[in-house]
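Here is the structure we will look at.
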Amino acid sequence: MSLHASSRTASFTACAALLSFAAPLSAQVSAQVSTQVPAQASTPTLAPVTVTGNPLGSSTAVAPSDQLSGTGLVLRSQSTLGETLSGTPGVSSTYFGPNASRPVIRGQDGDRIRILANSGASIDASGVSYDHAVALDPIAVERIEVLRGPGALLYGGSAVGGVVNVIDNRIPREAVTGITGRADIGLSTASRERGGAALVETGSDRAVLHVDMFDRRTSDVAVPVSLACTKPGSPPFAHRICNSASHVRGGAVGGSLLFGNGYIGASATTYRNDYGTVAEDEVTIGMKSNRYALEGEWRSPVALVKSVKAQFSRSDYSHTEFDGGSPGTQFRNNGSDYRIEVKHAKLGPLEGVIGLQGERTRFAVDGTEAFAPYSRTRSDALFAYEEWASDWGKVTFGARTESVRVESLGNPSVARFAPASRSFAPMSAAAGMAVNVAPQWQLTSNLAFSERAPKDYELFADGPHIATGAYEVGNAALGKERSINLDVGAQWKRDHDSFRVSAFESRFGNFVSLQASGTRVVGTDVVPEFTYTPVRARFRGFEASGNLRLMGSPGTLDLELRADSVRATNVDTNEPLPRIAPWRAGATLAWARGDWGARVGFDHFAAQSRVPAGDLPTAAYTLWTTAVTWKMQRENWNALWYARIDNAGNKLAYSATSILTQTAPGKSPLPGRNLKVGVQLNF
């Protein structure tokens, strides 16, 4: 089904709302995550800020954020985006086996977490169902940034839980002299992974060309328990997750023309993923996605304007679910998005950015799992951000107003789906402050009000959904989901020692929750019926991380600490909300000397017995990890050799945030002991 981009211009509410601005782009010190060895520093300085949360490039922190890049990303990279980020303070994953996993941030998942590609929309079907993979692969990226809390509001009401920005250099922004590149090769034991990626860039001070490609194959993943399997050609019982093999591949070509005060570039990306869904022994998914992007920036075009940046992308996504090799349900999601940002020069103490953002998507599902109608969603938004910095700290404020239209287009093959439409005008606003209370101490606070328009399936679903094991019914009368979000934090740094803690609370007046409403007969089966129902909800918790230098010569030895907790409650019934991660705590010893490095650490996950009536609790477990690295430095190239062991104790564990723990108990434990060895070459 082709996309017809709407040319209707959104009508926006009065800009007086800007007086109650948010901190949608307020930056946070990027934490030294558990896989990164803190950099050398001779004076107490704060870590680099993340791009996603900081359009103005300042170093003062307000909103909490983290990033993975370089060696940290190499040692944390997994087969899915969710598992790569899981373990970052405040972040867990939906874990639908080793092939499909989205990030869960502060207890919120699905379409409340905004996944971006270079700050633009990443359009797929991963938010619709837990068994759908994200159409992005960690093996092919340079940096992943996570923005939590109120600072995420710049990217829409659907980002109320947070933002994950996957960043590559497929549209180059800087000149390249000669030929540069990177190659990655990795092998692992638990999944018998064979993977690799390579990129090459060449150019001059006027033009740059980028080419990359990646490929990864895995077999069924090893686990510490024997599991039954009915898939033809597989043993009936084995210490492996049945139907968990995968084959991911893709690539991109991009280029930019550079001029004295800016650039303009384009890229074309293709992604393919064939994988088993693990919930059913003979169901596999064949996924394909093509994305085309344009991006440009013009610096200092006129007086009072520092820069104008514009980007546009078009995505064509589809996947087919095969049952025993026969094609079944097909999902399609085609769409486009645009984003324009104008940074203005300082006006007295104020510096900021205003912008426009819009998306057009057209979604369709055909086959036995057509639980939602064909639909079309159009949204346009106006946002603004300002900051007032001084010697004592910073105040940030901003706002966003949107126009959203969601339409059900029915389905010519399914009579129960009827045409309908709803329009919404969400608004979001927040304010933040960072105060330097001492040379080594900083206090932060953020307060935000957010509105989210319901998604198409929340409004119009009416059918059996195999992944959730339920018959889902939408609610066409749903209103905007409203929330108030508070975040307070403190951070301290002295030389190589640091500590950071954040506490948060989010209150929803009408949190859209999938609630059990009885049973329904579908064919010859009796299945539970669930409806999308607004409830009052509360999320509260904390995140903490720190680093302590234990030894500084001749090598370095650091102790890295981390912990988090979230508690989510349906205030109407005083019951816990489902699939919430238990409290976690972990520590890692990181040693480095010359070109060598070593790490050993653990993460303890408490038992999760605070679950809704009818849900199964999960037991506590502790996962140990270790890694060794060696850097080869040469005149024109360098290489990072590494070996890491995940779940070194081969512990049997089940994820509290996975729906499989409830719908298919015992079907998909976390992977067992896994040794991965590899090399990353830079030239």
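The values are calculated or read from the model by the stated rules, or taken from the named source; none is laboratory data. No experiment lies behind these values; they were computed from the predicted model shown. Glycine also receives a Cβ, built like all others from the backbone with ideal geometry; neighbour counts cover every protein chain displayed. Side chains included, ligands, DNA and RNA excluded: accessible areas come from the protein's heavy atoms. Shrake-Rupley method; radii C 1.70, N 1.55, O 1.52, S 1.80 Å.
Please work out which residue is nearest to V488 (Cα to Cα), limiting yourself to the range 433-457 and to residues that are open to solvent by less than 60 Å² (accessible area, probe 1.4 Å) and of a type in the set (D, E, K, R).
Per the stated criteria, the residue is E451.
Report the residue count in the range 196-233 for those that are assigned to a strand (DSSP E or B) and either touching a residue at least 60 places away in the same chain (Cβ under 8 Å) or closer than 26 Å to R673 by Cβ (or both).
The qualifying residues number 15.
Find the residue count for the range 569-623, including only residues that are open to solvent by 60 Å² or more (accessible area, probe 1.4 Å), within 30 Å of M551 (Cα to Cα) and not in a loop (DSSP other than H, G, I, E, B).
Result for the range 569-623: 6.
Of the residues N547, N570, which single one is touching a residue at least 40 places away in the same chain (Cβ under 8 Å) and closer than 24 Å to G614 by Cβ? Give the derivation first.
Numbers: N547 fails: closer than 24 Å to G614 by Cβ.
N570 is the lone residue from the list that is touching a residue at least 40 places away in the same chain (Cβ under 8 Å) and closer than 24 Å to G614 by Cβ.
Filter the range 314-351 down to residues that are small (G, A, S), touching a strand residue (DSSP E or B) at 6+ places or on another chain (Cβ under 6 Å) and over 19 Å from E402 (Cβ atoms) and give me whichever is surrounded by the most Cβ atoms within 10 Å (Cβ to Cβ).
S315
Any idea how many residues of the range 490-510 are of a type outside the set (D, E, K, R), over 22 Å from A563 (Cα atoms) and modelled with pLDDT of 95 or more?
Of the residues in the range 490-510, 1 are of a type outside the set (D, E, K, R), over 22 Å from A563 (Cα atoms) and modelled with pLDDT of 95 or more.
Here is a list of conditions, (1) farther than 17 Å from Y275 by Cα; (2) open to solvent by 10 Å² or more (accessible area, probe 1.4 Å); (3) modelled with pLDDT of 90 or more; (4) not aliphatic (A, V, I, L, M), and D111 meets all of them except one; can you say which number that is?
The failed condition is (3).
If I ask for residues that are surrounded by fewer than 23 Cβ atoms within 10 Å (Cβ to Cβ) and either of a type outside the set (A, V, I, L, M, F, W, C) or not in a strand (DSSP E or B) (or both), which ones from the range 234-243 would you list?
S234, P235, P236, H239
Among the residues of the range 153-174, is there at least one that is surrounded by fewer than 17 Cβ atoms within 10 Å (Cβ to Cβ) and farther than 24 Å from V128 by Cα?
yes
Just the residues that are more than 14 Å from D456 (Cα to Cα), assigned to a strand (DSSP E or B) and open to solvent by less than 10 Å² (accessible area, probe 1.4 Å), please, taken from the range 358-371.
Listed by number, the list holds a single entry, G358.
Quick check on my filter: what residues within the range 267-310 are aliphatic (A, V, I, L, M), over 30 Å from K231 (Cβ atoms) and open to solvent by less than 40 Å² (accessible area, probe 1.4 Å)?
A268, A293, V305, listed by residue number.
Checking K493 against (1) farther than 25 Å from G87 by Cβ; (2) out of contact with any His (no Cβ under 6 Å at 6 or more places or on another chain), which test does it fail?
Condition (1) is where K493 drops out.
Out of S79, S59, S69, report the one residue that is of a type in the set (S, T, Y), modelled with pLDDT under 65 and open to solvent by 20 Å² or more (accessible area, probe 1.4 Å).
On the way: S79 fails: modelled with pLDDT under 65; S69 fails: modelled with pLDDT under 65.
Exactly one of S79, S59, S69 is of a type in the set (S, T, Y), modelled with pLDDT under 65 and open to solvent by 20 Å² or more (accessible area, probe 1.4 Å), namely S59.
Counting only residues that are part of a strand (DSSP E or B) and among the aromatic types (F, W, Y), how many does the range 399-439 have?
Qualifying residue count for the region: 1.
Return the residues of the range 175-195 that are open to solvent by 30 Å² or more (accessible area, probe 1.4 Å), closer than 30 Å to L652 by Cβ and not in a strand (DSSP E or B); say none if nothing qualifies.
Passing the criteria: T189, R192.
Hey, can you tell me all the residues within the range 518-532 that are assigned to a strand (DSSP E or B) and not small (G, A, S)?
Those that are assigned to a strand (DSSP E or B) and not small (G, A, S): T519, R520, V521, V522, D525, V526, V527, P528, E529, F530, T531, Y532.
Looking at L447, L443, L382, which one is under 28 Å from F312 (Cβ atoms), in contact (Cβ under 8 Å) with a residue 40 or more places away in the chain, hydrophobic (A, V, I, L, M, F, W, C) and part of a strand (DSSP E or B)?
L382
Say whether the condition of being at pLDDT 85 or above, surrounded by fewer than 24 Cβ atoms within 10 Å (Cβ to Cβ), of a type in the set (S, T, Y) and not in a loop (DSSP other than H, G, I, E, B) is met by at least one residue in the range 18-40.
no
Among what's in the range 221-233 and is out of contact with any Leu (no Cβ under 6 Å at 6 or more places or on another chain) and open to solvent by 30 Å² or more (accessible area, probe 1.4 Å), pick the residue that is farthest from A648 (Cα to Cα).
P232
Just to verify a result, which residue in the range 196-220, among those that are closer than 18 Å to P671 by Cβ and open to solvent by less than 60 Å² (accessible area, probe 1.4 Å), is nearest to the chain's Cα centre (by Cα)?
Applying the filter and picking the extreme gives R216.
Looking only at the range 530-550, which residues are open to solvent by 30 Å² or more (accessible area, probe 1.4 Å), of a type outside the set (F, W, Y) and either over 30 Å from A592 (Cβ atoms) or touching a Gly at 6+ places or on another chain (Cβ under 8 Å) (or both)?
Residues satisfying the conditions are T531, T533, P534, R536, R538, R540.
Restricting attention to the range 466-506, which residues are part of a loop (DSSP other than H, G, I, E, B), open to solvent by 50 Å² or more (accessible area, probe 1.4 Å) and within 26 Å of S445 (Cα to Cα)?
D495
Could you tell me which of the residues D487, D525 is under 24 Å from V395 (Cβ atoms) and either at pLDDT below 95 or touching a helix residue (DSSP H, G or I) at 6+ places or on another chain (Cβ under 7 Å) (or both)?
One residue alone meets the criteria, D487.
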